[in-house]
Amino acid sequence: DTAVSQTPKYLVTQMGNDKSIKCEQNLGHDTMYWYKQDSKKFLKIMFSYNNKELIINETVPNRFSPKSPDKAHLNLHINSLELGDSAVYFCASSQPLGDTNSPLHFGNGTRLTVT
Amino acid sequence: GEDVEQSLFLSVREGDSSVINCTYTDSSSTYLYWYKQEPGAGLQLLTYIFSNMDMKQDQRLTVLLNKKDKHLSLRIADTQTGDSAIYFCAEAGGSYIPTFGRGTSLIVHP
């Protein structure tokens with residue numbers, strides 16, 4: 001009965017490859033996010049979707065493309081992976097923005113290592 | 001400077017109280033949160049406080065908010081070894097998207 005689940009948990013790949021990370025939530029939330037956590041634990045938002053529509057797209061290379069087939073899923077596809085993409089990627093979900101108190105619920109993260 | 005700042009490390013002895021501090025810059029913050037991250041896991045919401053409150057208590061946790069100084073603290077009473085983790089402060093302002101601090105690593109010594 002995992003609330004926010006992402007796969008895979010670990011991903012090791014070579015530079016130049018294309019990879020995807022999948023995320024699903026069963027909380028009935030309308031809003032989903034992708035965050036990147038670097039080696040110093042700094043957590044930075046990358047994207048946010050509300051009901052399958054992109055609402056936030058921070059300064060992220062266009063090699064990163066989120067896709068939301070429905071409001072319970074938000075996948076992240078990364079093209080032409082680079083060494084600097086190595087990080088832990090977290091998916092999260094919440095009630096719609098602006099609702100009274102919309103804390104984020106996080107998945108357990110995907111540790112991406114690019115060699 | 002960063003929008004949300006926290007000290008990086010805190011070391012305490014088991015049984016003592018821990019106080020983790022956070023400062024933020026967004027005066028329109030409506031909700032402020034404390035999240036806990038254990039090794040290899042995602043962030044879990046510990047507690048939150050609405051900006052019109054100055055204190056909230058939840059069992060061993062006490063959150064204090066000084067809105068004038070934009071200062072938030074989390075006090076953990078009777079700290080246990082199981083409390084060792086990284087604690088993130090986050091604020092949600094006008095955009096409602098939480099902005100996170102860099103996290104404070106709490107180390108609890110037996």
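Based on what the data block shows, is residue B:49 part of a strand (DSSP E or B) and within 12 Å of chain A (Cβ to nearest Cβ)?
Yes.
What about residue B:27, is it over 30 Å from residue A:11 (Cα atoms) and part of a loop (DSSP other than H, G, I, E, B)?
In short, yes.
With respect to the numbered conditions (1) within 14 Å of chain B (Cβ to nearest Cβ); (2) surrounded by 17 or more Cβ atoms within 10 Å (Cβ to Cβ); (3) assigned to a strand (DSSP E or B); (4) not charged (D, E, K, R), which one is the sole condition not fulfilled by residue A:55?
Every listed condition holds for residue A:55 apart from (2).
Of everything in the stretch A:1-46 that's over 15 Å from the mean Cα position of the chain (by Cα), within 26 Å of residue A:59 (Cβ to Cβ) and modelled with pLDDT of 95 or more, which residue is nearest to the other protein chains (Cβ to nearest Cβ)?
A:13
If we keep just the residues of the stretch A:70-115 that are under 14 Å from the mean Cα position of the chain (by Cα), modelled with pLDDT under 95 and open to solvent by 50 Å² or more (accessible area, probe 1.4 Å), which is nearest to the other protein chains (Cβ to nearest Cβ)?
For the stretch A:70-115, the residue satisfying everything is A:108.
Just to confirm my filter: which strands (runs of 3 or more DSSP E) fall fully inside the stretch A:64-115 and include at least 2 residues that are among the hydroxyl-bearing types (Ser, Thr, Tyr)?
Ranges flagged: A:64-70, A:87-94, A:110-114.
The values are calculated or read from the model by the stated rules, or taken from the named source; none is laboratory data. Predicted model, so just to flag it, every value in this text is computed and none were measured. All Cβ positions, glycine included, derive from the backbone under ideal geometry; neighbour counts span all protein chains shown. In case anyone asks, the SASA skips ligands and DNA or RNA and just uses the protein heavy atoms, side chains included. Shrake-Rupley method; radii C 1.70, N 1.55, O 1.52, S 1.80 Å.
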